[in-house]
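K.L.:
Submitted below is the structure of interest, expressed as structure tokens.
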Amino acid sequence: MEPLLEVDGLEVEFRTRDGVARVLSGVSWHVGAGETLAILGESGSGKSVTAHAILGILDTPPAFVTGGAVRFRGENLLTAKEERRREVRGAGIAMVFQDALSALNPVFTVGFQIAEQLRTRRGLSKREARARAVELLDMVHIPNPRQRLDQYPHEFSGGMRQRAMIAMSLALDPEVLIADEPTTALDVTVQAQIMDLLDEMRRERDMGLVLITHDLGVVAEVADRIAVMYAGRIVEESDVYSLYRRPSHPYSEALLESVPRLDFKGKRLNSISGLPPSLLNVPPGCPFHPRCPRAEDVCSDQRPELARLDGGQYSACHFAEEVVRGG
Ligand code: SF4
Ligand code: MG
């Protein structure tokens, strides 16, 4: 499958008063049409930064892309003109944010915000845009879309607001949708509904879907592949089934143990001890070694590269084959 969106060796630095933080170090992944990639990691691992770099919306602290490429249908967006990047944002690659309340403008009705995009970017008339906005709200299963159109974001419940946000992100028919912690602010039942909706939209539109999350449980049922991030790097990439059955990196093992699982009934939930490293001061060797229960001398010395294992999983661990075998 030819990738729609390909991140290739992406490097990003934050230049802060306290020094240079390497927030992304050689991050690579791709997503194809109709495919769902989950990007999993603790906060601060570089998940959102990757999304922002893709869309060219890196913000404060002063952030710089220092290497790599972001290819959309083969075109490197990092070297494209700003005008072209603006074109791609929304219409090629769109994004859904965690907090719909702050992503939507509180002073305009939901309908206006959806219609405005269609008028400015698709040249639709006011009437056409409004009619299309009704269709979009209906598509994301918001009841009474015609009435809902004239309400303000604060009049929507959290789940309905996230649906409206998804409708808005789909207004320009993007080929890739990136959802950054789309359900974190919602309660558990609503979380599942929003995941189902994203999955349905992906299927119906044959979109590439990138789900950014810190919660493996939320994405397990909808993702095809999972890329696990730690300290600005991908440490494992596997199909969902393999990751669940036989993770190939000790960090993935630890993440799995911290998720409630039906087949682990009764087992105490472990959380991973220690904190992720400061990106101003990443430990030498394997960045996970201070927290890793399997660490040996070589781990604090030599940085493991992401490498393909026989079974097709990718792991950045000196002992990946042993980890996979459950040794
Ligand atoms: Fe743990 Fe060493 Fe593997 Fe890093 S390389 S994950 S420290 S065993
Ligand atoms: Mg984030």
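The values are calculated or read from the model by the stated rules, or taken from the named source; none is laboratory data. All values reported here derive from a predicted model rather than from experimental measurement. Every residue, glycine among them, receives a Cβ derived from its backbone with ideal geometry; neighbour counts consider all protein chains shown.
K.L.:
Given the criteria surrounded by fewer than 18 Cβ atoms within 10 Å (Cβ to Cβ) and under 24 Å from Arg202 (Cβ atoms), does His52 qualify? Working first, answer last.
P.N.:
Numbers: surrounded by fewer than 18 Cβ atoms within 10 Å (Cβ to Cβ): yes; under 24 Å from Arg202 (Cβ atoms): yes.
Taking the combined requirement at face value, the residue satisfies it.
K.L.:
Hey, Arg84 hits all of (1) farther than 23 Å from Leu4 by Cβ; (2) touching an Asp or Glu at 6+ places or on another chain (Cβ under 9 Å); (3) assigned to a helix (DSSP H, G or I) but one; which does it fall short on?
P.N.:
Single failed check for Arg84: (1).
K.L.:
Next up: Testing Leu198 on (1) more than 28 Å from Leu136 (Cα to Cα); (2) more than 16 Å from ligand 2 (Cβ to nearest atom), one condition comes back false. Which one is that?
P.N.:
(1)
K.L.:
Further question: Yes or no: Thr120 polar (S, T, N, Q) and either in contact with a Pro (Cβ under 8 Å, 6 or more places away or on another chain) or assigned to a helix (DSSP H, G or I) (or both)? Working first, answer last.
P.N.:
Working: polar (S, T, N, Q): yes; either in contact with a Pro (Cβ under 8 Å, 6 or more places away or on another chain) or assigned to a helix (DSSP H, G or I) (or both): yes.
Yes: the conditions hold for Thr120.
K.L.:
Tell me yes or no: at least one residue of region 27-35 is at pLDDT below 95 and away from ligand 1 (no atom under 16 Å from the Cβ). I'd like the intermediate steps shown before the answer.
P.N.:
Here is the first cut: in region 27-35, the residues at pLDDT below 95 are none.
No, region 27-35 contains no residue that is at pLDDT below 95 and away from ligand 1 (no atom under 16 Å from the Cβ).
K.L.:
Moving on to the next point. Here is a list of conditions, (1) surrounded by fewer than 16 Cβ atoms within 10 Å (Cβ to Cβ); (2) within 16 Å of ligand 2 (Cβ to nearest atom), and Asp173 meets all of them except one; can you say which number that is?
P.N.:
Asp173 satisfies all of (1) surrounded by fewer than 16 Cβ atoms within 10 Å (Cβ to Cβ); (2) within 16 Å of ligand 2 (Cβ to nearest atom) except (2).
K.L.:
Looking at region 228-246, which of its residues are crowded, with 24+ Cβ neighbours inside 10 Å and either over 16 Å from Pro304 (Cβ atoms) or hydroxyl-bearing (Ser, Thr, Tyr) (or both)?
P.N.:
Residues satisfying the conditions are Tyr230, Ser238, Leu243.
K.L.:
Take region 153-186 and flag every residue that is charged (D, E, K, R) and assigned to a loop (DSSP other than H, G, I, E, B). Please lay out each step first, then the result.
P.N.:
From region 153-186, those charged (D, E, K, R) are 155, 161, 163, 173, 175, 180-181; that's our starting set.
Correct list: Asp173, Glu175, Glu181.
K.L.:
Tell me, please, whether a residue that is of a type in the set (Asp, Glu) and in a helix (DSSP H, G or I) can be found in region 95-102.
P.N.:
Step one: list which residues in region 95-102 are of a type in the set (Asp, Glu), which gives 99.
When the remaining residues are screened for being in a helix (DSSP H, G or I), the result is none.
Scanning region 95-102, I find no residue that is of a type in the set (Asp, Glu) and in a helix (DSSP H, G or I), so the answer is no.
K.L.:
Could you please let me know if Ala63 is under 16 Å from the mean Cα position of the chain (by Cα), surrounded by 18 or more Cβ atoms within 10 Å (Cβ to Cβ) and either within 16 Å of ligand 1 (Cβ to nearest atom) or among the hydrophobic types (A, V, I, L, M, F, W, C) (or both)? Give the steps one after another, and end with the answer.
P.N.:
Values: under 16 Å from the mean Cα position of the chain (by Cα): no; surrounded by 18 or more Cβ atoms within 10 Å (Cβ to Cβ): yes; either within 16 Å of ligand 1 (Cβ to nearest atom) or among the hydrophobic types (A, V, I, L, M, F, W, C) (or both): yes.
It is false that Ala63 is under 16 Å from the mean Cα position of the chain (by Cα), surrounded by 18 or more Cβ atoms within 10 Å (Cβ to Cβ) and either within 16 Å of ligand 1 (Cβ to nearest atom) or among the hydrophobic types (A, V, I, L, M, F, W, C) (or both).
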